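Enquirer: Structure below; questions to follow.
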Amino acid sequence: MPKRRDITLDDMDRRLLALLQRDTTAPAETLGSKIGLSASSVQRRIKRLRETGTIAREVALLDTDALGKRMTFIVGVKVDFGQKAEVEALQRRLIADPRTQQAYYVTGEVDLVLVVVVEDMQDYDQYSKSLLLASSAMLRFQSNVVIEGLRVGLEVPIDAARPSRPQTAS
């Protein structure tokens, strides 16, 4: 990811980002017509947003059913932070496994929250045994099977009317 530089997002940047979150394949002409900018201005803004890291990645959202990944689990994991090296190793293994769609270090009853996408129950059983139960740092975990994804996405709420604070270098 590119390094961030100080950047202030204006109303047009925010409106453009809101549109891009829904469809990064939309032509600059279409985006510009929706927010009142020329295609070349839209292209310049997108380039700047990418270079500054405001647009961190652009990905395709895939239909899990079409790919045979029929089950999604939300998993809460409690770890023993007294085993710092093993906790870090577990986190690396979880992140490296393609079945771990998302992983969060959180506050509350559990320490990690995972979104896991698998083919079937046997695949999840293998995932939990090879990753979670195999770690000496794992104290307990709770698995929740997703029955229906009521809202699935990664869109960040953007209020175009709200002024942004400049981003600082990371």
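Enquirer: For region 88-103, enumerate the residues that are among the small types (G, A, S), surrounded by 12 or more Cβ atoms within 10 Å (Cβ to Cβ) and in a helix (DSSP H, G or I).
Expert: Initial filter on region 88-103 (among the small types (G, A, S)): 89, 96, 103.
Then keep just the ones that are surrounded by 12 or more Cβ atoms within 10 Å (Cβ to Cβ); that gives 89, 103.
Within region 88-103, A89 is the sole residue that qualifies.
Enquirer: State whether one or more residues within region 70-93 are within 21 Å of the chain's Cα centre (by Cα), modelled with pLDDT under 95 and β-branched (V, I, T).
Expert: no
Enquirer: G82 versus (1) assigned by TED's automatic domain parsing to the domain that holds T107; (2) surrounded by 10 or more Cβ atoms within 10 Å (Cβ to Cβ); (3) not aromatic (F, W, Y): which is the lone unmet condition?
Expert: (2)
Enquirer: Something else: For region 60-72, state whether one or more residues are within 30 Å of D120 (Cα to Cα) and touching a Leu at 6+ places or on another chain (Cβ under 7 Å).
Expert: No, the conditions are met nowhere in region 60-72.
Enquirer: Taking F73, is it surrounded by 14 or more Cβ atoms within 10 Å (Cβ to Cβ) and either on the phi > 0 side of the Ramachandran plot or not aliphatic (A, V, I, L, M) (or both)?
Expert: Details: surrounded by 14 or more Cβ atoms within 10 Å (Cβ to Cβ): yes; either on the phi > 0 side of the Ramachandran plot or not aliphatic (A, V, I, L, M) (or both): yes.
Yes; evaluated as a whole, the condition is true for this residue.
Enquirer: Within region 41-69, which residues are part of a helix (DSSP H, G or I) and exposed (fewer than 11 other Cβ atoms within 10 Å of the Cβ)? Talk me through it step by step, then tell me what you get.
Expert: Step one: filter region 41-69 for residues part of a helix (DSSP H, G or I), giving 41-51, 65-67.
Residues satisfying the conditions are D65, A66, L67.
Enquirer: Evaluate the following for T24: is it farther than 27 Å from G149 by Cβ and in a loop (DSSP other than H, G, I, E, B)? Can you show your working first?
Expert: Details: farther than 27 Å from G149 by Cβ: no; in a loop (DSSP other than H, G, I, E, B): yes.
No: the conditions fail for T24.
Enquirer: Would you confirm, using the coordinates I've provided, whether L37 is part of a helix (DSSP H, G or I), on the phi < 0 side of the Ramachandran plot and either in contact with a helix residue (DSSP H, G or I) (Cβ under 9 Å, 6 or more places away or on another chain) or surrounded by 15 or more Cβ atoms within 10 Å (Cβ to Cβ) (or both)? It would help to see each step written out before you state the result.
Expert: Working: part of a helix (DSSP H, G or I): no; on the phi < 0 side of the Ramachandran plot: yes; either in contact with a helix residue (DSSP H, G or I) (Cβ under 9 Å, 6 or more places away or on another chain) or surrounded by 15 or more Cβ atoms within 10 Å (Cβ to Cβ) (or both): yes.
No.
The values are calculated or read from the model by the stated rules, or taken from the named source; none is laboratory data. Predicted model only: the values in this text are computed from it and were never measured. Every residue, glycine as well, gets a Cβ built from its backbone with ideal geometry; the counts of neighbours run over all protein chains shown.
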